[in-house]
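Novice: Got a structure for you, questions after.
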Amino acid sequence: MASMMQPQIILLKEGTDTSQGKPQLISNINACMAVADVVRTTLGPRGMDKLIHDDRGVTTISNDGATIMKLLDIVHPAAKILVDIAKSQDSEVGDGTTSVVLLAGEFLREAKPFIEDGVHPQNLIRSYRTAAFMAIEKIKELAVSIEGKSLDEKRSLLAKCAATTLSSKLIGGEKDFFATMVVDAVVAIGNDDRLNMIGIKKVPGGTMRDSFLVNGVAFKKTFSYAGFEQQPKKFLNPKILLLNIELELKSEKENAEIRLSDPLQYQSIVDAEWNIIYDKLDKCVQSGAKIVLSRLAIGDLATQYFADRDIFCAGRVAEDDLHRVAAATGGTVQTSVNNVIDEVLGSCEVFEEKQVGNERFNIFSGCPSGQTATIVLRGGADQFIEEAERSLHDAIMIVRRAMKNSTVVAGGGAIDMEISRHLWQHARKIAGKSQLFINAFAKALEVIPRQLCDNAGFDATDVLNKLRQKHALPTGEGALYGVDINTGGICDSFANFVWEPTVVKINAINAAAEAACLILSVDETVKNPKSESAQGDAAAGIGRGGGGMRGGRGRGMRRR
C-alpha cells in the first residue's frame, strides 16, 4: 500500500521530448540514410549535379558533397553528424566528401536489420571498429609509392591524381587542361602550406579554355583616380614598394577645434597638411620603387604625382593579394615611408596591366621567390565559374596531399572491392556473431562501385559480379580492377590512371566508421522545449512597453 502511495518523480521540465530505445536508434539510422540518399547520385564521373536555391535567392549548382551538405541546412541532430564528417573530409583531404557520407549511410543501412533483430549496438560497434582497422591496414599494404621519381615523372603522376578528382566535377570535360594547371600551381608554391598562396580569380565570359595560370600574382585593377591612365602600364624588372598607409590628404577629425589669433596662421596649417603628404610621396619616389601598392587609399593628388614621375600605383589592394605579392616578390609590407631601404622592396621580371574579358588585371610574373601562383578562371555563367572554383580547390588539396603523402591507390571502386574481398575472407575464420557484422561492413563497402554504375546508367549487379569474380582470383591479379565508366564493363583502374591518394580513402573509411559507431551508440534523445512562459513574458513586456510609450508624455512635453 505504501509503495502505491509514492509520489511521481518529475526530473525534466514539462513538455520535454524524450525518445529512447530501439525505435529511437532506428529513427536516427533512417535520418542518416535519407541524407546519404540526397548526395548518392552525385558520385563519380557520371554523377548528377544539385541545384540549391536558398532563402536569400542565391542559386548554387554543385556536385561537391561538402558544399551540398553545408547548404542543405539539416536540423536532425543525428543526421548533422554526417554534415560534420563531410566538412572534416573537405578540410583534411579536400576530396571524397560524397564517398564519406555514402559509406557512413551504408554502414548504418547494413546495421539496421541487426538492430531490429535485437542485437546489442555495442557488439556491432566492436566489429565495425575491427573491420575499419583491418580495411586501413589493407589500404596501406596496397598503396603504391610515387617517391623517388624525377620531377617530370612526379608531375605526370600528380596530374593523373588531379584528373581523377576533376573527372567527377562540372569541368570534367577539360580535366587534362585543368589538371596540368593545378599541378603547376601547387609545384610553384613548393613546401608552403598556406593554401591562400594560390589565388583563384573569376572573370565571367569566354570559355573554360581561356582560363590561364600566372606564375606570380594577378589581381583585378583597383579603384583609381584621375591621372591613373597617364601612368605606365608595363615595367621590366621594377622595384615594388608595398604599403599599409593612406597616401591622401587627411581631413580633420570630427569636432577638432583650432583657435587662431591671426587669419594668416590658417594658411600655415593648410601648408603643413600639404607638406606632410608631399613629404610621404617624395620618400616613396626616392626609394627607387617603380610600383607602389597600398592596402589603404591612394588619393587623386598622389595618383597624379606618381603619374608625372612614371610610377605605377594602386590603392585599396585586398589584403590577401598584398600578402601574396609580398611573398612572391620578396618585399615587406611597410607601415611607414620613413627609411625605406632596398631590402624591403620587392621585385619581379615583368609587371603589366592586361585586359581579361571585361576586367583589367595587374599581373606580376617572373617573381624571384616564386612561392605563389594565380589561376584566372573564365566561363559563361557565374554559377558555373563558382563550381569550377570549388572543383579546383578539391584538385589543389588532392595534389598537395599526394605530394606530402606520396602513395596512391587505384580508384574507380577497385580499392573498395579489394578491401571488401579481404574482409569477407577474414570473416570466414571468425566463429560467432561478429562474422555477420564484418560481412555487413564488407558489403557496405561495395556501395562505391555500385553507385558508380548506377550513376552511369549501367547494370550494377552485372558489373559487381564481374568485379567480385576478378578480385577473387587466387593470384591477386584482379586487385586493381574497378568500374570502367566508358564501356560499362571492368578495367584495370591503375593502368588507366584512375588514381587517388591513399590518405583520401583512409580518411573516408575512418570518418565513416566513426560516424556510424557514434550514431549506433546513441539510445536516447532528449529535446528540451523552449520555455513558453519565458516567451509569453517577453511578449507581454513588449506589449506593456509599447502601451506605456503611447500613453506617456513625449520628450520635451510640458507638465500641466
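The values are calculated or read from the model by the stated rules, or taken from the named source; none is laboratory data. From a predicted model like this one, the values you see are computed outputs, not experimental measurements. A quick note on method: Cβ atoms are made from the backbone with ideal geometry, for glycine too, and the neighbour counts reach across all protein chains shown. When the accessible area is computed, the model is the full protein with side chains, heavy atoms only, and any ligands, DNA or RNA have been set aside. Shrake-Rupley method; radii C 1.70, N 1.55, O 1.52, S 1.80 Å.
Novice: Could you count how many residues in segment 100-121 are within 24 Å of K87 (Cβ to Cβ) and either among the polar types (S, T, N, Q) or touching a Pro at 6+ places or on another chain (Cβ under 9 Å) (or both)?
Specialist: Total meeting the criteria: 1.
Novice: If you take the residues in segment 22-78 that are touching a strand residue (DSSP E or B) at 6+ places or on another chain (Cβ under 9 Å) and among the acidic types (D, E), which one is surrounded by the fewest Cβ atoms within 10 Å (Cβ to Cβ)? Before you say what the answer is, go through the steps one by one.
Specialist: Filtering segment 22-78 down to residues touching a strand residue (DSSP E or B) at 6+ places or on another chain (Cβ under 9 Å) leaves 24, 27-28, 38-39, 41-42, 44, 49-54, 58-63, 67-68, 71-72, 77-78.
Still in the list and also among the acidic types (D, E): 49, 54.
Working: D49: 17, D54: 10.
Among those that are touching a strand residue (DSSP E or B) at 6+ places or on another chain (Cβ under 9 Å) and among the acidic types (D, E), it is D54.
Novice: For segment 266-325, which positions are within 13 Å of E246 (Cβ to Cβ), outside any helix (DSSP H, G or I) and small (G, A, S)?
Specialist: S294, A297, G299, G315
Novice: Looking only at segment 369-385, which residues are over 18 Å from M48 (Cα atoms) and either in a helix (DSSP H, G or I) or touching a Phe, Trp or Tyr at 6+ places or on another chain (Cβ under 6 Å) (or both)?
Specialist: The answer is V376, D382.
Novice: Continuing with the same structure: For segment 439-528, give me every one of the strands (runs of 3 or more DSSP E) that falls completely inside it and has 1 or more residues that are in contact with a Lys or Arg (Cβ under 8 Å, 6 or more places away or on another chain). Can you show your working first?
Specialist: Details: elements: 481-483, 490-492, 499-501, 524-527.
Fully inside segment 439-528 and qualifying: 481-483, 490-492, 499-501.
Novice: Step by step: first the residues of segment 223-245, then only those that are aromatic (F, W, Y) and touching a helix residue (DSSP H, G or I) at 6+ places or on another chain (Cβ under 9 Å), then the one that is surrounded by the most Cβ atoms within 10 Å (Cβ to Cβ). Which residue is that?
Specialist: We begin by selecting, within segment 223-245, every residue aromatic (F, W, Y); these are 223, 225, 228, 235.
Of the ones still in play, those that are also touching a helix residue (DSSP H, G or I) at 6+ places or on another chain (Cβ under 9 Å) are 225, 228.
Details: Y225: 17, F228: 20.
Among those residues, the one meeting the criterion is F228.
Novice: When you check A388 against the structure, is it crowded, with 22+ Cβ neighbours inside 10 Å and either outside any strand (DSSP E or B) or acidic (D, E) (or both), yes or no?
Specialist: Yes; evaluated as a whole, the condition is true for this residue.
Novice: What are the residue pairs meeting all of these: first residue in segment 274-298, first residue closer than 16 Å to G331 by Cβ, second residue assigned to a strand (DSSP E or B) and open to solvent by 40 Å² or more (accessible area, probe 1.4 Å), Cβ atoms under 7 Å, and 6 or more apart or on different chains?
Specialist: That search, which allows pairs on different chains as well, returns G288/K239; A289/K239; K290/K239.
Novice: Tell me the residue from A388, A402 that is in contact (Cβ under 8 Å) with a residue 24 or more places away in the chain and in contact with a Pro (Cβ under 6 Å, 6 or more places away or on another chain), please. Can you show your working first?
Specialist: Working: A388 fails: in contact with a Pro (Cβ under 6 Å, 6 or more places away or on another chain).
Unique residue meeting the criteria: A402.
Novice: Out of all the residues in segment 321-330, is one or more over 30 Å from M208 (Cβ atoms), surrounded by 15 or more Cβ atoms within 10 Å (Cβ to Cβ), in contact (Cβ under 8 Å) with a residue 60 or more places away in the chain and in contact with a helix residue (DSSP H, G or I) (Cβ under 8 Å, 6 or more places away or on another chain)?
Specialist: Residues of segment 321-330 over 30 Å from M208 (Cβ atoms): 326, 330.
Pick out the ones that are also surrounded by 15 or more Cβ atoms within 10 Å (Cβ to Cβ) and you get 326, 330.
From what's left, in contact (Cβ under 8 Å) with a residue 60 or more places away in the chain: 326.
So of that shortlist, the ones also in contact with a helix residue (DSSP H, G or I) (Cβ under 8 Å, 6 or more places away or on another chain) come out as none.
No, segment 321-330 contains no residue that is over 30 Å from M208 (Cβ atoms), surrounded by 15 or more Cβ atoms within 10 Å (Cβ to Cβ), in contact (Cβ under 8 Å) with a residue 60 or more places away in the chain and in contact with a helix residue (DSSP H, G or I) (Cβ under 8 Å, 6 or more places away or on another chain).
Novice: If the Cβ limit is 6 Å and pairs must be 6+ apart or interchain, which residue in segment 199-222 that is buried (at least 18 other Cβ atoms within 10 Å of the Cβ) pairs with which residue that is part of a strand (DSSP E or B) and charged (D, E, K, R)?
Specialist: Between residues of segment 199-222 that are buried (at least 18 other Cβ atoms within 10 Å of the Cβ) and residues that are part of a strand (DSSP E or B) and charged (D, E, K, R), the close pairs are V203/E359; V203/R378; S211/R378.
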